[in-house]
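Shown next, in structure tokens, is the structure this report addresses.
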Amino acid sequence: MLGIRRISNSRWWHKKKNWLFFAIFLFLVFVRISKGAFYKDFYYFISKPFWPGQFQKEIVLESIDQEYLIKLNLLTKDNIRLRQILSLQESSSDKHISAAVISRKTGSWWRQIILNKGSKDGVEIGNIVIGPGGLLGRVKNTSLFTSSVTLITSPESKLGVWVDRIQINGLLVGLGDDYPSLILYSKDADIKVGDFVSSSPASTLLPPNIPIGIVQSIDETLKSKKTAKISLLAKPNVIDWVQILKVNI
Amino acid sequence: MGTNFESKYLMKKFLTKKLSTISFIFIPIIFLWHPNWLGFLGVQPYWPLFWLLPWSMINGSINGLIFGLFLGLILDSLTLNESFTQIPGLIFCGFLFGRIKLHSDILLGHFRYGLICSFGSFLCGTFYFLQILFRNFSDSNSLILIPSIKNILAEVFLTGFFAPFICSHLLRMFKFSRRKIQ
């Protein structure tokens, strides 16, 4: 009887150590099957205090900005070179005049701004005015010290523009509100909300590739043409400083 | 001391005499200034009517018509829209305002200024809108309709809102200056 008890005590499952090993084995199997998910999540929590902080983020963003600037410069150079080869219109990027907005009429019918640079500073009628974001309008009138700019939201403004995604020209018409209308003289044009609109390479008034706005909504009720409302990238009602581009088109 | 007093007196006399001219000069300045904090939906009140109403009420229709033309010429030269003009609306308003008789009831007069200016602003806005519509007849007829109605209504509201304050003050000033001259 005593002998039998001794035998049963010596079974492997009676030893805690064996169960411990078994548990570890099961855990490792679980880890294997879950492909280390548990480990990774565990690592997530214990490494959290040592993650790269705000400072590192700023460094990375600055590097990205620099990278973009270098890329932009290279692309601009490429663009100028290719335009010269193809004998296309080009904008002289080095003839910029900075000017402050001294009067602003951005509501109602009259949509214009007056700048503190005039014919004395070399501003001429027809010069292009851009602000942070893109195109604002064209110089319509100059005095000795000031120049008046017709905004692209003015009912008098009509410009040729380019929808890059679908590679099509359109007409941007000011309506006297903050959203000028893009008219595409083709019912089949596949324009979508969010499409980017820039100045047209075929325009006789503007240099090409100046950002203008983004399609906000599309109206397909007209029979022969499509129209779209454009949300401008440059906001004339808040911009205080602008650049006047002296262009020879 | 005597010279200083005399120059002050002359200055005061000049200001009183030329009050209407000085206030007239301020209209294009305010029109250009375009204070955003006074606006509604980005639209400003139609400033020239605030001056034209008291001027025409005191000086009559012909004077109102002539100064409506002058105001229109000045404001047209300040705006860049060469194809459209504010002259017809202002001439019509100047003539119309000259036909209105001064009212003895002060409170009623205040509200009347608001209503008359609102109506004048509506007329000027509609004249301007019709010109734009006529010009863009083939292009974007339907597109321009809604923003234009919004512009007209906002302008009518603001002009009517501010007119009782500004017009009654100007009217009192013009009357005072006229009495001094006489």
* Asked: Tilt of helix A:16-33 relative to the longest C-alpha principal axis of chain A, in degrees (0 to 90, nearest 10)?
  -> 30
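Using Cβ counts within 10 Å as a stand-in for footprinting exposure, how do A:Ile33, B:Ile149, B:Ile87 rank, fewest first? Please list the in-between numbers first.
Numbers: A:Ile33 9, B:Ile149 12, B:Ile87 17.
Final ranking by Cβ density, sparse to dense: A:Ile33, B:Ile149, B:Ile87.
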* Per-residue mean of C-beta atoms belonging to partner chains within 10 Å, peptide B:23-35 -> 2
* How many angstrom lie between the C-alpha centres of the stretch A:104-121 and the stretch B:59-97? -> 22
* Where the eigenvalues come from the Cα gyration tensor of chain A, what are the semi-axes √(5λ) of the equivalent ellipsoid, largest first, in whole Å? -> 67, 23, 19
* To do: Report the percentage of all Cα-Cα pairs in the stretch A:68-172 whose separation exceeds 25 Å, rounded to a whole percent.
  => 33
* To do: Please state, as a whole number in µm²/s, the translational diffusion coefficient that the Stokes-Einstein equation yields for the stretch A:117-249 at 4 °C and 1.567 mPa s, with Rh defined as the Kirkwood radius across alpha carbon pairs.
  => 86
* Structure fact -> So the compactness index of the stretch A:121-170, its C-alpha Rg divided by 2.2 N^0.38 Å, takes the value 1.35
* Considering every residue in A:100-108, what mean count of other chain Cβ atoms within 10 Å of its Cβ is obtained? -> 6
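Using the count of nearby Cβ atoms within 10 Å as a rough guide to exposure, how do B:Asp76, A:Asp190, A:Asp195 rank from fewest to most? All intermediate terms of the calculation are to be shown ahead of the outcome.
Details: B:Asp76 16, A:Asp190 12, A:Asp195 20.
Ordered from fewest to most neighbouring Cβ atoms within 10 Å, B:Asp76, A:Asp190, A:Asp195 come out as A:Asp190, B:Asp76, A:Asp195.
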* Degrees between helix A:37-47 axis and first principal axis of chain A (Cα, 0 to 90, nearest 10) -> 70
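Just tell me how shielded B:147-155 is by partners: mean number of partner chain Cβ atoms within 10 Å of each residue's Cβ, no decimals.
So the per-residue partner count for this stretch is 4.
Please arrange B:Thr126, B:Thr159, A:Thr76 by how many other C-beta atoms lie within 10 Å of their C-beta, fewest to most. Show your work: numbers first, answer last.
Details: B:Thr126 15, B:Thr159 28, A:Thr76 12.
Listing B:Thr126, B:Thr159, A:Thr76 from fewest to most nearby Cβ atoms yields A:Thr76, B:Thr126, B:Thr159.
None of the figures in this text is laboratory data; all of them are computed from the coordinates on show. This is a predicted model, so every value here is computed, not measured. Reconstructed Cβ throughout: ideal geometry from the backbone, glycine too, with neighbour counts over all protein chains shown.
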